[in-house]
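Novice: First the structure, which I've put down as structure tokens, then a few questions once you've had a look.
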Amino acid sequence: MKEDFLKYQAQTSPYPLGMEISHAVGSYIYDTNNKKYLDFVAGVSATSLGHQHPKVNQAIKDQLDKYSHVMVYGEYAQHPAVAYCKLLVANLPPSLNKVYLVNSGTEACEGALKLVRRVTGRSQLISCHNAYHGNTMGSMSVMGFEERKQIFRPLIPDVDFITFNNEDDIQKITTKTAGIIIETIQGGAGFIEPQNDFLAKVKKRCEEVGALLILDEIQPGFGRTGKLFGFENYNVVPDVIIIGKGMAGGMPVGGFVGNSKHMDLLSHDPKLGHITTFGGHPVIAAACLATLEEILAKDYVKESIAKEKLFRELLVHPLIVEIRGRGLMLAAITEDAGITNKVIFKCQEKGLLLFWLLFEGCAVRITPPLTISEEEIREGCGIIIEAMDEIMNEIPIIVN
């Protein structure tokens, strides 16, 4: 299978991990040799309720027995999408009261960027250095990492960048700015949290000049940071949020949410201001609804902070410089990207799945399912410490 995988599927890097998957259940993935791996990645924060969650699976099966795709988004009223949007809005601030469902996080970003231009009549967009919001042309235009996008230029014009947590840069938001897009917690840059009410200060500046604030909740959203949405930790309510990853228990989905007054502008002048064939797909929406209902019904959101504390207690080692992030959106930072690589590969050999972050080579991604148990956390952290001990014995490293 690996040979055919490399031959017939386009790759995203020269050296994919290439593990041959048999099945996955709960917090574990099994390869075709029936080796079990504890999953500390959760499909890059996507399988929020673990693998094959029975309620999500049942919702998918039930919907398949009723109907699947029947019409492009926005034409027919379909129960799974309507019920999901209603429940989602009920758990957001009052100003975030209308949802547009799409197929992925990067599509949600595209829609949000169009929305702020439509609302304000302005063209300038502002993002942050080292930001990541997806990989389509508009999303890439607001990616703050030149190395990844130079070859694809020209991208969309009138995009400028500020530095995350740099308060002086906030003044670059002016009456020419349509909107600023910011990750609530910078993901690819190394799970960097906002400091000193940075997001609230950005929102205040937006209000002063008539710009809109888009917060990218694709990774922090749906309970991963101790609140249902990450922005709730930071004393701010954005004008638009973009969502994806963990919202459907591992199924492909995205969305952007704003005020109905703004969102309704996409329906006229011109009509079809934003369209999608498969956005709001009834089977995917059923998975979204089941996932959100389960997250709200259980203590997973609150438990993510207690689980973070346990990770921090257990992951103490000379090779770990710091643990960044919040809740179950964590990154163990080593002194060197080479060490990080060794940790990830050695842990996989030992039956623990870890992963990288996009732009911070020293980061070891730790984003397990919200359903991860204390016993599983202890098991995985034990493997990490064991691997790091072996690395220290194998190579000459000076640890400060």
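The values are calculated or read from the model by the stated rules, or taken from the named source; none is laboratory data. Here the structure is a predicted model, which is why all the values come from computation and not from measurement. Heads up, the Cβs are rebuilt from the backbone with ideal geometry, glycines too, and the neighbour counts pull from every protein chain shown. Only protein heavy atoms, including side chains, enter the accessible area calculation; ligands, DNA and RNA are left aside. Shrake-Rupley method; radii C 1.70, N 1.55, O 1.52, S 1.80 Å.
Novice: Just checking, which of Ile241, Ile214, Ile218, Ile180 is in a loop (DSSP other than H, G, I, E, B), of a type in the set (A, V, I, L, M, F, W, C), surrounded by 24 or more Cβ atoms within 10 Å (Cβ to Cβ) and within 20 Å of the chain's Cα centre (by Cα)?
Specialist: Ile218
Novice: In the list Ile320, Ile384, which residue meets the criterion of being open to solvent by less than 50 Å² (accessible area, probe 1.4 Å) and part of a loop (DSSP other than H, G, I, E, B)?
Specialist: Values: Ile384 fails: part of a loop (DSSP other than H, G, I, E, B).
Of the residues listed, the single one that is open to solvent by less than 50 Å² (accessible area, probe 1.4 Å) and part of a loop (DSSP other than H, G, I, E, B) is Ile320.
Novice: May I ask you to verify whether Ser13 is in contact with a strand residue (DSSP E or B) (Cβ under 8 Å, 6 or more places away or on another chain) and either closer than 30 Å to Ile243 by Cβ or basic (Lys, Arg) (or both)?
Specialist: No; evaluated as a whole, the condition is false for this residue.
Novice: Met247 fails exactly one of the following numbered conditions: (1) at pLDDT 95 or above; (2) assigned to a loop (DSSP other than H, G, I, E, B). What is the number of that condition?
Specialist: For Met247, the exception is condition (2).
Novice: Could you list, in sequence order, all residues of the stretch 149-170 that are over 22 Å from Val116 (Cα atoms) and in contact (Cβ under 8 Å) with a residue 24 or more places away in the chain?
Specialist: Asn165, Glu167
Novice: Here are the criteria: (1) of a type in the set (Lys, Arg); (2) assigned to a loop (DSSP other than H, G, I, E, B); (3) surrounded by fewer than 24 Cβ atoms within 10 Å (Cβ to Cβ). Tell me which single one Arg224 does not satisfy.
Specialist: Failed condition: (3).
Novice: Right, another one. Which count do you get for residues in the stretch 323-353 that are over 22 Å from the mean Cα position of the chain (by Cα) and assigned to a loop (DSSP other than H, G, I, E, B)?
Specialist: 5
Novice: Going through the stretch 248-273 one residue at a time, which ones are open to solvent by less than 30 Å² (accessible area, probe 1.4 Å) and either touching a Lys or Arg at 6+ places or on another chain (Cβ under 9 Å) or within 13 Å of Glu107 (Cβ to Cβ) (or both)? Before the answer, list the steps.
Specialist: At the first step, the residues of the stretch 248-273 found to be open to solvent by less than 30 Å² (accessible area, probe 1.4 Å) are 248-249, 253-258, 263, 266, 273.
Across the stretch 248-273, the qualifying residues are Gly249, Val253, Gly254, Gly255, Phe256, Val257, Gly258, Met263, Leu266, Gly273.
Novice: Still on this structure: With the structure loaded, tell me whether Ile21 is open to solvent by less than 30 Å² (accessible area, probe 1.4 Å) and of a type outside the set (D, E, K, R) or whether it fails that test.
Specialist: Spelling it out, it is not the case that Ile21 is open to solvent by less than 30 Å² (accessible area, probe 1.4 Å) and of a type outside the set (D, E, K, R).
Novice: Which one of these is more than 24 Å from Arg224 (Cα to Cα), out of contact with any strand residue (DSSP E or B) (no Cβ under 9 Å at 6 or more places or on another chain), aliphatic (A, V, I, L, M) and not in a strand (DSSP E or B): Leu266, Leu310, Leu272?
Specialist: Details: Leu266 fails: out of contact with any strand residue (DSSP E or B) (no Cβ under 9 Å at 6 or more places or on another chain); Leu310 fails: more than 24 Å from Arg224 (Cα to Cα).
The unique qualifying residue is Leu272.
Novice: Another question, if that's okay. Give the residues of the stretch 316-365 that are more than 24 Å from Tyr300 (Cα to Cα) and of a type in the set (Val, Ile, Thr), sorted by residue number.
Specialist: The answer is Val316, Ile320, Val321, Ile333, Thr334, Ile339, Thr340, Val343, Ile344.
Novice: For the stretch 104-122, give me each residue that is touching a strand residue (DSSP E or B) at 6+ places or on another chain (Cβ under 6 Å) and either closer than 14 Å to Gly244 by Cα or among the hydroxyl-bearing types (Ser, Thr, Tyr) (or both).
Specialist: Hits for the stretch 104-122 are Ser104, Gly105, Glu107, Ala108, Cys109, Gly111, Ala112, Thr120.
Novice: Return yes or no: is Tyr67 open to solvent by 20 Å² or more (accessible area, probe 1.4 Å), farther than 26 Å from Pro369 by Cβ, touching a strand residue (DSSP E or B) at 6+ places or on another chain (Cβ under 9 Å) and in a loop (DSSP other than H, G, I, E, B)?
Specialist: So Tyr67 fails the test.
Novice: Run Trp356 past the list (1) open to solvent by 40 Å² or more (accessible area, probe 1.4 Å); (2) farther than 29 Å from Gln58 by Cβ; (3) over 19 Å from the mean Cα position of the chain (by Cα) and report the number of the one that doesn't hold.
Specialist: All conditions pass for Trp356, except number (3).
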